[in-house]
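Engineer: One structure, as structure tokens, below. Some questions next.
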Ligand SMILES: [Zn+2]
């Protein structure tokens with residue numbers, strides 16, 4: 001079991017090398033172990049490219065026969081852009097496959113494991129399942145719900161403020177690095193037009209020192225103030241502008257002509273209908289979004305119950321009442337009146353100390369239930385399929 005863990009750690013490390021490159025595919029790493037030695041390794045480097053299993057089998061060559069194959073995710077058994085990995089595993093003569101979690105994609109869902117077993121391959125599952133789930137959480141969410149995974153991230157002071165006069169950033173530099181890591185894991189980044197005007201963030205992403213393709217940028221921009229000459233559009237990068245139904249048709253045409261995608265959303269609590277927004281993203285094939293503020297967007301998101309995960313970076317500083325809070329309860333409830341219940345089914349998932357800051361991660365109830373969903377064999381006698 002300790003050996004299994006050791007090799008699975010390597011698998012996860014390999015898998016994460018594909019971070020930011022594989023949308024809409026999951027991150028997958030593979031390690032082949034023969035006679036107590038690593039005989040071959042691989043990872044998935046992007047949609048349309050070989051799957052991790054295939055890379056590892058090619059690297060191991062003849063030593064794959066009778067060997068163990070470690071994977072974070074159940075191997076695929078369907079013809080996509082590449083042939084099924086289960087066929088390649090059987091053909092290579094792998095005798096045992098150890099994977100972290102089942103793939104909830106409806107084309108797999110336990111059938112990968114079943115296919116291997118039918119061909120005499122031994123199967124073990126659940127090794128480092130929690131870590132394997134965390135690595136592909138947005139993918140798992142999309143496979144199970146069909147919708148994009150929405151993560152709301154905020155940097156806050158101890159008194160919950162998101163501004164600090166005279167400081168560009170509230171968070172420490174290690175937290176800012178961590179945000180780049182979050183951006184790399186999600187396909188799109190969303191901000192309000194106010195934040196864009198005030199901070200002019202590039203919303204780029206990089207992984208360690210390696211720059212990645214920019215995320216899809218989503219801007220909440222009711223009145224379409226976004227400039228058609230913005231550098232993102234000039235560079236041909238994907239931008240989705242979310243405006244109200246009342247937005248000017250000529251302006252929409254102008255922005256679309258400049259390369260932007262424009263989506264008109266019905267009115268909702270505090271601005272635009274965010275449920276319609278999420279459906280629209282799904283229709284556009286967006287798998288995951290990191291919402292980076294500001295306060296108005298964060299508040300509307302929380303009120304509408306949109307974020308699947310909330311991530312707060314707490315900095316050890318008190319900003320004072322003169323600064324802006326991240327949750328804008330406007331108007332505040334009268335004395336003696338109960339505040340509206342917001343984010344009721346959020347619960348603490350984990351906490352990480354990042355240099356001087358603390359990162360707290362909260363998940364909605366459905367997200368907390370994913371571990372059970374991906375560790376139970378689909379379609380078995382106790383399972384539901
Ligand atoms: Zn595959």
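Engineer: If you look at just the Cα atoms of the range 69-189, how large are its Rg and its Dmax in Å?
Structural biologist: Answer for the range 69-189, Rg first and Dmax second: 20.0, 66 Å.
Engineer: A follow-up question, please. I need to check one value: relative contact order of the range 142-370, counting alpha carbon pairs closer than 8 Å and at least 6 residues apart, in percent.
Structural biologist: On the way: 422 pairs, mean separation 67.1, N = 229.
Reported relative contact order: 29 percent.
Engineer: Relative to the longest principal axis of the chain, what angle (0 to 90°, nearest 10) does the C-alpha long axis of helix 2-15 take?
Structural biologist: 50 degrees
Engineer: Quick one: check the C-alpha center-to-center distance for the range 261-282 versus the range 158-217, whole angstrom.
Structural biologist: If we compute the Cα centre of each part, the gap is 23 Å.
Engineer: What does the helix-only formula give at 222 nm for the chain: each DSSP H stretch with n ≥ 4 adding -39500 (n - 2.57), the total divided by the residues, and the result rounded to the nearest 500 deg cm²/dmol? Write down the numbers at each step before the final one.
Structural biologist: Working: 14 runs with 118 residues, N = 385.
Only helices count here, giving -8500 deg cm²/dmol.
Engineer: Report, please, the projected area of the range 144-223 averaged over directions, based on the convex hull of its C-alpha atoms, in nm². All intermediate terms of the calculation are to be shown ahead of the outcome.
Structural biologist: Values: hull surface 29.5 nm².
Across all orientations, the range 144-223 yields a mean hull projection of 7.4 nm².
Engineer: Sticking with this one: May I ask for the Kirkwood hydrodynamic radius of the range 2-135, worked out over all distinct Cα pairs and given in angstroms to one decimal? Please list the in-between numbers first.
Structural biologist: Numbers: mean 1/r = 0.0707 Å⁻¹.
So the Kirkwood estimate lands at 14.1 Å.
Engineer: For helix 295-304, what angle does its Cα long axis make with the longest principal axis of the chain, in degrees from 0 to 90 and rounded to 10?
Structural biologist: Relative to the chain, helix 295-304 is tipped by roughly 60 degrees.
Engineer: Counting other C-beta atoms within 10 Å, which of 364, 96, 117 has the fewest, and how do the rest follow?
Structural biologist: Working: 364 20, 96 15, 117 12.
The most exposed by this proxy come first: 117, 96, 364.
Engineer: Here's another thing I want to ask about it. Using only the alpha-carbon atoms, how far is helix 173-185 inclined from the longest principal axis of the chain? Give it as 0 to 90 degrees, nearest 10.
Structural biologist: Roughly 60 degrees between the two axes.
Engineer: Determine, for 327, 139, 350, the number of other Cβ atoms within 10 Å of each Cβ, and report the residues in order from fewest to most. Don't skip to the answer; put the middle values down first.
Structural biologist: Working: 327 17, 139 25, 350 11.
With the sparsest Cβ surroundings first, the list reads 350, 327, 139.
Engineer: Of all beta bridges DSSP finds with both residues in the chain, what is the antiparallel percent, to the nearest 5?
Structural biologist: Details: 29 of 66 bridges.
The answer is about 45 percent antiparallel.
Engineer: Let me ask something else. Using the 10 angstrom Cβ neighbour count as an exposure proxy, how do 178, 85 rank, fewest first? Before the final figure, lay out the partial values.
Structural biologist: Details: 178 20, 85 28.
In increasing order of surrounding Cβ atoms, one gets 178, 85.
Engineer: Across every pair of different alpha-carbon atoms, what Kirkwood hydrodynamic radius in Å does the chain reach? Write down the numbers at each step before the final one.
Structural biologist: Working: mean 1/r = 0.0444 Å⁻¹.
One over the average 1/r among Cα pairs gives 22.5 Å for the chain.
Engineer: Another question about this same structure. In whole Å, largest first, what are the principal axis extents of the Cα atoms in the range 142-370?
Structural biologist: Taking max minus min along each principal axis of the Cα atoms, the range 142-370 gives 48, 46, 42 Å.
Bear in mind these aren't lab numbers, they're just calculated from the coordinates by the rules spelled out. In this text the structure is predicted, and so the values were computed from the model without any measurement. Every residue, glycine as well, gets a Cβ built from its backbone with ideal geometry; the counts of neighbours run over all protein chains shown.
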